[in-house]
Each structure stands twice: as C-alpha cells, then as structure tokens.
Amino acid sequence: MADLLYGRNAVREALRARRRTFQRLFVSAGAQETGTLGEIVRLAGETGVPIERVDRRELDRRLIDANHQGVVLECSNYPYAELDDCTALAEERGEPALLLMLDHIQDPQNVGTLLRTAEVVGVHGVVIPGRRAAEITPAVVNASAGAVEHLQIVVVTNLAATIEQVQHAGIWVVGVEDDERAQVFDEVDLNLPLALVLGAEGPGLARLTRERCDFLVRLPMRGQIASLNVAVAGSIVLYHAWRVREQER
C-alpha cells in the first residue's frame with residue numbers, strides 16, 4: 001500500500017531526497033505555485049512525477065483531519081535502513097558514531113520532533129522497536145518537517161539486544177532518565193561514540209533498557225513541573241552532544 005505524504009515541507013524533502021518511488025503529486029487547483037509549493041512542482045517535474053491539480057475538497061476527502069496545505073504525494077513506503085548502514089555512515093564521515101534510540105515512544109509528534117532534531121545535528125542513524133512504537137508514517141514525516149527523509153532509520157525486534165550489539169561495536173549507550181543515579185547531562189563527556197536512548201512518554205525507559213545502558217544522564221529542573229516532554233529533553237541532550245563534539249574536532 002502506498003503512502004500519502006502531506007504538508008509542503010514533508011513533500012518537498014521527500015522529493016529532494018529521492019529515496020522513495022513516486023506515483024503522483026496532487027496539488028490543490030488554484031493554489032499559487034510559488035515559494036515552497038513552486039519548488040515542489042519544479043522538483044516533481046525534474047523527477048518525472050505526474051502532477052494532478054484537483055479540487056481542495058478532494059484532498060480533504062483523501063486526508064481527513066490532516067493539514068495537507070494543498071499538496072499530497074503518493075509514493076512508496078518509507079525505506080528503512082540496517083544498523084550497519086548507520087555505523088558505515090559515521091565511518092564515511094570520519095566521525096564517532098552518534099545514534100538515537102527510541103524506547104517505545106508512541107506519539108507521532110514527539111517522534112517527529114526528535115527526528116527533526118536528529119537530522120539537524122547530523123545523527124548517523126535512529127533505532128526504533130518494531131512493536132508498541134510509532135512507525136515512520138505520513139504523520140511522523142509531516143511532524144518532522146520532512147527531516148526523516150534524510151535520515152537512516154532502523155527497525156529492530158529487540159531493543160535491549162540491539163543495545164548490546166552497538167556496545168560490542170564500541171559505542172557507549174547513554175539513557176536519558178530522571179533517575180537518582182543519573183548524572184547531569186552537561187557534566188559528563190559525550191564526545192565519544194554514542195547512542196542516546198529516550199524512553200516512552202510517562203513510563204520512561206523500560207527496566208531492561210535502563211539496565212543495559214552504560215550510564216544515565218538527566219536534565220536539572222528548577223520549576224514545579226515534574227519533568228520535560230521527551231521530545232524537548234531529547235532535543236536538548238542531542239544538541240548538547242553535537243556541540244561538544246563539534247568543539248573537539
């Protein structure tokens with residue numbers, strides 16, 4: 001079954017990345033084809049994607065309750081990668097590995113936000129479990145503003161086993177968790193081959209995942225709210241890890 005990507009940024013990045021097979025581009029008839037929409041139409045033409053201009057109500061019917069912004073791209077499903085592809089990319093760039101692991105995060109908006117940050121800071125790969133977690137759906141692509149189209153994402157059966165696998169490859173696994181054993185995130189050395197693990201909304205890291213981590217880090221908090229949203233917390237630590245690594249290069 002084909003994916004229907006929607007939203008101007010998501011559609012543009014999918015066309016730019018050219019990692020999927022494209023069937024048709026639907027554009028709202030009468031929409032001004034300038035700016036991002038104009039770029040989308042140009043990219044579709046360059047890639048040989050048929051363009052159909054349809055009544056906006058047709059797009060509303062195809063994508064109920066989705067903010068499609070007058071553009072929909074019919075294409076193949078998301079092309080997942082293998083873990084070896086991620087470590088190979090790090091080697092190709094001459095950088096210590098930087099991976100992101102999501103431990104059963106289910107909210108598409110949170111996943112999309114984290115993937116957008118991951119792409120911005122140059123993460124070499126993202127690992128997600130195949131069950132009880134948000135997959136790379138059109139909603140996630142849209143929430144990431146299309147960043148996911150430029151990332152290598154791996155689906156695994158057993159996250160704990162994958163943690164052991166990356167550890168054997170010389171990558172340190174660091175869990176982000178508000179735990180009494182955790183160290184403050186900017187007081188530890190993150191300039192090393194690194195996999196950051198983020199837990200699900202509410203329960204946080206699963207027990208086995210937490211036990212497999214080499215160490216835990218936390219974000220200090222001053223206010224009355226008990227914790228930060230996982231996408232916010234993860235983005236802060238990801239960005240900090242990237243900045244530390246950049247300064248040491």
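The values are calculated or read from the model by the stated rules, or taken from the named source; none is laboratory data. What you see is a predicted model, and the numbers here were worked out from it, not measured in a lab. Ideal geometry is used to build each Cβ from the backbone, glycine not excepted, and the neighbour counts take in all protein chains shown. We work out accessible area using only protein heavy atoms, side chains counted, and drop any ligands, DNA or RNA first. Shrake-Rupley method; radii C 1.70, N 1.55, O 1.52, S 1.80 Å.
In nm, what is the difference between 0.36 nm times the number of residues separating L228 and E82 and their Cα-Cα distance?
49.5 nm
Under 5 Å between amide H atoms, partner at least 5 residues away or on a different chain: which partners does Q152 have, H built in plane at 1.01 Å?
V126
If a helix is a whole DSSP H run, which ones in the chain reach 20 Å or further along their own axis (Cα) and hold a mean Kyte-Doolittle hydropathy of at least 0.0?
Both cut-offs are met by 230-248.
For the chain, calculate the relative contact order in percent as a whole number, restricting contacts to Cα pairs under 8 Å that are 6 or more residues apart.
Reported relative contact order: 20 percent.
Extent of region 85-215 along each principal axis, from alpha carbon coordinates, in Å, largest to smallest?
Projected onto the principal axes, the Cα atoms of region 85-215 cover 37, 37, 28 Å.
For region 144-249, would you read off the P(r) tail past 19 Å as a percentage of all alpha carbon pairs?
48
Given region 78-228, what percent of its DSSP beta bridges are antiparallel, to the nearest 5?
Percentage antiparallel, nearest 5: 5.
So if R0 is 25 Å, what FRET efficiency would R61 and T21 give, r being the distance between their Cβ atoms, rounded to the nearest 0.05?
For R0 = 25 Å, the calculated efficiency reads 0.55.
Stokes-Einstein D for the chain at 10 °C, 1.306 mPa s, Kirkwood Rh over Cα pairs, in µm²/s?
Rounded to a whole number, D works out at 83 µm²/s.
Can you check what the net charge comes to around A139, using other residues whose Cβ is under 13 Å from the Cβ of A139 (Lys, Arg +1; Asp, Glu -1)?
Value of the local net charge: -4.
Heavy atoms only, probe 1.4 angstrom, no DNA, RNA or ligands counted: give me Y80, Y6 ranked by accessible area, highest first.
Greatest to least solvent exposure: Y80, Y6.
Which residue, T36, V111, F26, has the largest displacement toward the positive end of the dipole of region 1-133 when charges sit on each Cβ (Lys, Arg +1; Asp, Glu -1)?
Farthest along the dipole direction, towards plus: F26.
So how much accessible area does D60 have, in Å² to the nearest 10, using a 1.4 Å probe?
Ignoring ligands and nucleic acids, D60 comes out at about 70 Å².
Considering only protein heavy atoms and a probe of 1.4 Å, how much of the accessible area of the chain is carbon and sulfur, as a whole percent?
That share works out to 45 percent.
Using helices alone, what [θ] at 222 nm do you get for the chain, with -39,500 (n - 2.57) per DSSP H run of 4 or more residues, divided over all residues and rounded to the nearest 500?
-11500 deg cm²/dmol
How big is the accessible area of H150 in square angstrom, nearest 10, if you roll a 1.4 angstrom probe over the protein chains?
The accessible area comes out at roughly 70 Å².
Sort 116-122, 170-176, 141-147, 216-222 for me by packing, meaning the mean count of neighbouring Cβ atoms within 10 Å per residue, highest on top.
141-147, 170-176, 116-122, 216-222
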